[in-house]
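Below is one structure, written out as structure tokens; comments come after it.
The values are calculated or read from the model by the stated rules, or taken from the named source; none is laboratory data. Keep in mind it's a predicted model, so treat the numbers as computed, not measured. FYI the Cβ positions are ideal-geometry reconstructions off the backbone, even for glycines, and counts take in every protein chain you see.
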Amino acid sequence: MTRYDVELGPKRLELLHEVVPTASTVGLLLNPTNPNTEMQLSAVHEASRTLGITIRVLKVSSDDDMEAAIASLGRLGVDALAIANDPYFNSRSQQLASLTLQYRIPTIYQYRKFTESGGLMSYGASNLDSHRQLGIYVARILSGTKPADLPVEQSTKLDFFINLKTARQLGLAVPQMLLVLADEVIE
């Protein structure tokens, strides 16, 4: 079982640009210990050139680094923030949402939990769909299918969530088109 990951970085940057069109510099929070870091960085840099945006990379791999990195965004002239997908960041969705709201940085991440915790937006592979597909796989194995006989499958359902309350707190007007495209708008 696999799911979209690195491929969605450019789309997240595009969605963030739709909500904060005046952003000329966007921060990218990366974990340098993640083996996908270079691929994620490359994909986002390519998209940033197309959008005419400068990317400032912030490398975070510990709790001590996280708050310092978020606090430095204003000093670095960063107008918005994209968070690269990483298990370390996944386990700190609430902390990231709280910090980005505290420092008033419009931010996009991959999972709904971030948006539910007060983050502005999330766009990524659907956990619900992935878990459903995993359940089907488990049922097939329990019914006697050999795991080696099962094909690799990819979850193709993507979720897009917007926290409208956070957008209002940040003084942002979310385009109607994005509100219509969102799977859920948190008020």
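Out of Ile108, Ile136, Ile186, Ile141, one residue alone is β-branched (Val, Ile, Thr) and under 26 Å from Thr37 (Cα atoms). It is Ile108. Take the residues in segment 32-57 that are over 17 Å from Arg12 (Cα atoms) and in contact (Cβ under 8 Å) with a residue 24 or more places away in the chain, then tell me which one is surrounded by the most Cβ atoms within 10 Å (Cβ to Cβ). In this case the residue turns out to be Asn34. Checked against the criterion of being within 22 Å of the chain's Cα centre (by Cα) and on the phi > 0 side of the Ramachandran plot, segment 138-153 has no qualifying residue. The set of residues from segment 103-153 being in contact (Cβ under 8 Å) with a residue 24 or more places away in the chain, in a helix (DSSP H, G or I) and closer than 30 Å to Ser24 by Cβ comprises Arg112, Phe114, Thr115, Glu116. Among the residues of segment 154-176, those that are more than 14 Å from Tyr111 (Cβ to Cβ), outside any loop (DSSP other than H, G, I, E, B) and modelled with pLDDT of 95 or more comprise Leu164, Lys165, Thr166, Ala167, Arg168, Gln169, Gln176.
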